[in-house]
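Read the structure below first, then the notes.
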Amino acid sequence: MGAPPELPAELPVLPLRDTVPFPDTLTPLAVGQERSVRLVNDVLGGDRMLAMVASRSPDIEAPGPDQVHEYGVVGTVARMLKVPDGTLRILVQAGPRIRLTGFSADQPYLVARVAEAPDVVREGPELTALVRNVQETFSRIVEDVPYLPEELQMAVANLDDPSALAHLIGGALRIKTEEKQALLEELDVARRLRHLSEVLARELEVAAIGSRIQSRVQSELDRSQREYVLRQQLKAIQEELGERDPGEAEVAELREQLDAIALPDEVRRQADRELGRLEKLPQASAEHGVIRNYLEWIAALPWDTTTDDNLDLAHAREVLDDDHYDIERVKERILEFLAVRRLKPDARGSILCFVGPPGVGKTSLGQSIARALGRKFERISAGGVRDEAEIRGHRRTYIGAMPGTIIRALRDAGSANPLFMIDEIDKMGADYRGDPASAMLEVLDPEQNATFRDHYLDVRFDLSKVMFITTANTLDTVPGPLRDRMEVIQLAGYTEEEKLQIAKRYLVPRQIERTGLRKSQIAFSDAGLKAIIAERTREAGVRGLEREIGAACRKVARRVAEGEDVRKVNVTAARVRELLGRPRFQPEARRRTQQAGVATGLAWTPVGGDVLFVEATAMPGKGRLTVTGQVGDVMKESAQAALSWVRGHAALDDGWFGDHDVHLHVPAGAVPKDGPSAGVTMATALMSLVSGRRVRDDTAMTGEITLTGQVLPIGGLKEKALAAQRAGITRVIAPRRNEPDLEDIPEHLRADLEFVWAGEIGDVLEAALEPPRDGRAWFAEGRDRGMLAAETQADR
Ligand SMILES: Nc1ncnc2c1ncn2[C@@H]1O[C@H](COP(=O)(O)OP(=O)(O)OP(=O)(O)O)[C@@H](O)[C@H]1O
Ligand SMILES: [Mg+2]
């Protein structure tokens, strides 16, 4: 820089805003303030020298003496340019560092007394090391920091004057003004370099982070750019080849499918919206899959497809007869139902509900109706459904969401007016996930189902054209509101005669055909079928019977397949045992009632009627009553009533019941039993016990008992009678007030069974108990009236 002219004692002071001047640098400055313009003009008229110092705060317009830093540099104005707006651009060559020692004027601009501020240099290895360190670090920073020109790297590498090095770098860095000022003011060069290397280390760190971020952004950009370019190329190639991009093709295909369907407005809007979204999403994204799946569901539903109903009643009659034996009353009801449909096609159809034990043909009747009408048939099981979502679906936001069972069945049916058979409506559960019964109600209710909304589809589907038939084993557990909307058709169990006819006409031919046999190879005799019915099944319906017939057919089919020359196997009673093995069931009543204290009762359960045995025993004790077996509360109460009545009427010592505990046991079949209709059976068992008279083994009974010995009517007489027949019972004692129910009981069953009608318990006991062996009195009519038989007392 050549030896600067002698430093004058005083210099005008040019305060710098936001900049710290460093020695030996060339600094371009804009000068706008009036007093500074004047200052520059003045020095240009003289030796061109001035003092440059940083202001202490960039906010001050025209800093006073106290508002500038103490250290600065001497500068010589090398060039000046006047800008039309009146400001100046100057280029100042900075000289050595100076210190302002005091001010001699502050008007029109600051003038200060100045002194040199020379470096303190202590040569040594430390200084050299510091120099190297600073050079190295700086050169790395230059690589990462865009604002530092690369020429600086060279300049720094070639500069070995420690002080000049510090100044050069300090001036170039974009660090805080105070930090720069501190570097300028540090006279000890080693200390200044140390300070500088700390600053550099920090800057390097910042630069490294910055460049990491930068390069990540860059590579991200590169990748998406690359993908974009490749996609464009792919598109061009496909266009060239006349192909479409698979994603677009897929959307186009879905759109075509949906366009071909007459969708309701709401659905059309929804579909268009989703198609629009689909187009914008990359094919590989999860969202894409979800939307495509959704649109596929929409496209798969029968929005505008229906089948034409065949309402020809003669045809319906034919189909029903083809598939089912007898059940005349049921068929009549079905035909009436169809007749109404025919006369009033758009009448909101009521819902049929078939109630009856398993295997009596509920499902197969539904299939027949569908066949007669020419509708598609779908079965939906409501049994065990606890979650509303099974019926109505899950919202699409769930992972793996699907429509509910109703919408799925519609898709399977492929028509908007199928026949849906909703099975086991009595076995629907409910838990915290919502009440499926109310969802089912919405499905079935003609008032609501035109606007059925599945959670997944989230648009309405009109279910009003669907014909619903529900089935149940019992109506007891069907929620009231649901029951109210259904037209109930009861199907009772079959008698042995009916089973025989069903087997001969329907089950045997069907099973023969299923096993691939010819009619010439196998035949079932009536006795054979009866043996199967009596010994191998105990059911209200015919499902087990059909299974056993099937099993027999398969045994014969196997022989044929193995090449045996089978002329014709005639399945007789004996052949049944040979083909199928030992009898599974034996008449039990006879064996059980060998002993006094056991009575045979008849019970109704959802799977049909059943026989039950009541066993009574007594042991020394304190007059307690124990009731065991799978017995409900109502049944326990009637046990108590039975005991009270017997206690009041048995011809026993006054003290006997006080000294004995009585135990009533109802050996449980699989089905829990409850209800009051076992009252008379329990009274009979107790009376049999205390009188020592056995219960007749051909007799079973049913009836509720009151404390005064009245026998009250019961339900399910037909099922109970059928159960009696199955168990080999020939006499049934039933409440007198049930006599009109005899009408329900098929002729041939009435012929097989003797009915004894009882008005009070005395009638029951008289009919049920065997006569006393020695002719003694066994119970006292109206004991409380003091008419206890004298000889009974004497006997004991
Ligand atoms: N009256 C009948 N005539 C001819 N076949 C019958 C008759 N009743 C029932 N079947 C036959 O018995 C079998 C069982 O009937 P189905 O499956 O319809 O019983 P279900 O009442 O629906 O029983 P579940 O309550 O167990 O569902 C079927 O193969 C059916 O064809
Ligand atoms: Mg069924």
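Values quoted throughout were computed directly from the atomic coordinates according to the rules given, and no laboratory measurement underlies them. Small disclaimer: the values here were computed from a predicted structure and weren't measured. Every residue, glycine among them, receives a Cβ derived from its backbone with ideal geometry; neighbour counts consider all protein chains shown.
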Legend entry - Chain lengthening between Leu221 and Glu185 when straightened (0.36 nm per residue, less Cα-Cα): 8.4 nm
Legend entry - Prolate/oblate/rounded label for the stretch 552-657 (Cα gyration tensor, a/c 1.5): prolate
Inset, instruction - Mind ranking 538-549, 520-531, 329-340, 620-631 by how tightly packed they are, going by the mean number of other C-beta atoms within 10 angstrom, highest first? - result: 538-549, 520-531, 329-340, 620-631
Inset, instruction - Once you have the Cα-Cα distance between Glu578 and Glu754, take 0.36 nm times their residue separation minus that, and quote the gain in nm to one decimal. - result: 60.0 nm
Inset, instruction - In nm, give the distance between the simple-model label positions of Met154 and Gln594, each being 7 Å from the Cα along the Cα-to-Cβ direction. - result: 12.4 nm
Legend entry - Rounded to 10°, Cα long-axis angle of helix 189-241 versus longest principal axis of the chain: 50 degrees
Legend entry - Among 178-187, 713-722, the order from most to least packed when residues are scored by Cβ within 10 Å on average: 713-722, 178-187
Legend entry - In nm, spacing of pseudo-spin labels at Met80 and Glu328 (7 Å Cα→C-beta vector): 13.3 nm
Inset, instruction - Find the eigenvalues of the gyration tensor of the Cα atoms of the chain, then list the square roots of 5 times those eigenvalues as equivalent ellipsoid semi-axes, largest first, in whole angstrom. - result: 109, 39, 26
Legend entry - Tensor-based shape of the stretch 199-335 (alpha-carbon gyration tensor, a/c under 1.5 rounded, otherwise prolate or oblate): prolate
Inset, instruction - With r as the distance between the Cβ atoms of Asp462 and Asp259 and R0 = 22 Å, compute the FRET efficiency 1/(1 + (r/R0)^6) and round to 0.05. - result: 0.60
Inset, instruction - Sort out for me the Cα centre separation of the stretch 350-429 from the stretch 704-774, rounded to whole Å. - result: 40 Å
Inset, instruction - For the stretch 12-119, build the charge dipole from Cβ charges (+1 Lys, Arg; -1 Asp, Glu) around the Cα centre, then report which of Thr76, Val53, Gly64 sits farthest towards its positive end. - result: Thr76
Legend entry - Rounded, prolate or oblate (a/c below 1.5 giving rounded, otherwise prolate when a/b exceeds b/c) for the stretch 433-476 by Cα gyration tensor: oblate
Inset, instruction - Using the Karplus curve 6.51 cos²θ - 1.76 cosθ + 1.60 with θ = phi - 60°, work out ³J(HN,Hα) for each residue of the stretch 278-295 in order, rounded to whole Hz, and write x for Gly and Pro. - result: 4, 4, 7, 8, x, 4, 7, 6, 4, 4, 4, x, 4, 5, 4, 4, 4, 5
Legend entry - Using θ = phi - 60° and Karplus 6.51 cos²θ - 1.76 cosθ + 1.60, couplings along the stretch 569-577 (whole Hz; Gly, Pro as x): 8, 9, 7, 9, 4, 5, 5, 4, 5
Inset, instruction - Just subtract the alpha-carbon distance of Asp412 and Val229 from 0.36 nm times their residue separation and send over the number in nm, one decimal. - result: 61.5 nm
Legend entry - Highest to lowest packing among 760-769, 196-205, 302-311, scored as the average C-beta count within 10 Å: 760-769, 196-205, 302-311
